[in-house]
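Inspection log for the structure reproduced underneath, given as structure tokens.
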Amino acid sequence: MNSNRFKKSLPFLIFFVVFSAITLTVFYQLLSVDKRLKVYSPSDVNPRLVDASVKHIQNNHTIADFSLINQNGDTITNTTYNGKIYIADFFFTRCKTICIAMAYNMSELQSYYKNDVDIMFLSHSVTPVMDSVSVLKAYAEAKGIIDGKWHVTTGAKKHIYELTRKSYFAVLDEGNGDENDFIHTEQFVLVDKERRIRGYYDGTDKEDMQKIIADIVVLKEEYKRK
């Protein structure tokens with residue numbers, strides 16, 4: 001009798017086991033859905049940070065081509081960062097406020113990624129007339145900046161300010177880069193290998209530095225899956 005009952009219930013048991021296995025597999029897949037960082041476009045940031053000329057861009061925004069001069073007098077362009085993830089910021093060497101913490105935190109990140117060839121850093125001077133190559137060189141030496149890893153740059157003011165407003169969306173769109181214009185921001189901007197913005201961080205905040213590190217882990221995993 002028990003044997004007959006078992007035989008009758010066997011198909012149900014098999015179905016239950018198979019159904020449970022499928023359910024667990026689907027549940028696991030849902031839990032392990034690929035985590036991806038947001039790709040920022042003009043519509044994703046404060047409208048006051050976005051220049052009118054790029055507000056129409058809904059997706060696929062990328063950092064514009066650029067040409068700057070680094071601490072060694074070398075020309076640095078967007079091609080310098082081809083195939084690299086980089087963190088950008090905006091500073092000036094005479095700054096005695098937020099730039100001190102920003103420089104320290106960027107230096108800590110440089111140390112953390114010292115041997116990671118995928119990660120680079122790019123600092124733009126917002127007072128390029130005062131921050132000549134010789135001034136940047138002294139600054140780089142004082143901060144322990146590694147040549148080829150972290151470029152601190154000067155260049156044409158209008159070019160830098162246009163990058164800040166139209167590419168990185170790092171400051172309010174309230175100037176034109178003339179001699180009376182001045183920008184100051186604590187923003188660190190994470191840029192991926194396709195020159196897309198993947199994150200914004202407070203460069204003076206230690207917790208945000210940990211968030212950058214965590215986000216870069218996610219971003220690098222994203223590239224591994226490609």
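Counting only helices (runs of 4 or more DSSP H) that sit completely within segment 58-162, those holding 3 or more residues that are in the same structural domain as Y201 (by TED's automatic domain parsing) and exposed (fewer than 15 other Cβ atoms within 10 Å of the Cβ) correspond to 98-112, 133-143. Scanning segment 191-220 for residues that are farther than 10 Å from L37 by Cβ, part of a strand (DSSP E or B) and not aliphatic (A, V, I, L, M) turns up Y200, Y201, D202.
Just one of the numbered conditions (1) touching a strand residue (DSSP E or B) at 6+ places or on another chain (Cβ under 8 Å); (2) within 25 Å of A142 (Cβ to Cβ) is not true of I63: (2).
Across segment 181-221, the qualifying residues are those that are at pLDDT below 95 and β-branched (V, I, T), and the one among them that is nearest to S41 (Cα to Cα) is T185. Figure legend. Inter-residue proximity from segment 97-109: first residues at pLDDT 95 or above, second residues part of a helix (DSSP H, G or I), beta-carbon distance below 6 Å, spacing 6+ or different chains. Indicated pairs: A103/K143; N105/M209; S107/K143. Summed over segment 101-126, the residues that are touching a strand residue (DSSP E or B) at 6+ places or on another chain (Cβ under 8 Å) and hydroxyl-bearing (S, T, Y) give a count of 3.
Of the residues making up segment 125-143, none is under 23 Å from A214 (Cα atoms) and in contact (Cβ under 8 Å) with a residue 24 or more places away in the chain.
For segment 44-57, filtered to residues that are surrounded by 15 or more Cβ atoms within 10 Å (Cβ to Cβ) and not in a helix (DSSP H, G or I), the residue that is modelled with the highest pLDDT is V45.
The values are calculated or read from the model by the stated rules, or taken from the named source; none is laboratory data. Here the structure is a predicted model, which is why all the values come from computation and not from measurement. Counting neighbours? That spans all protein chains shown, and the Cβs are built from the backbone with ideal geometry, glycine included.
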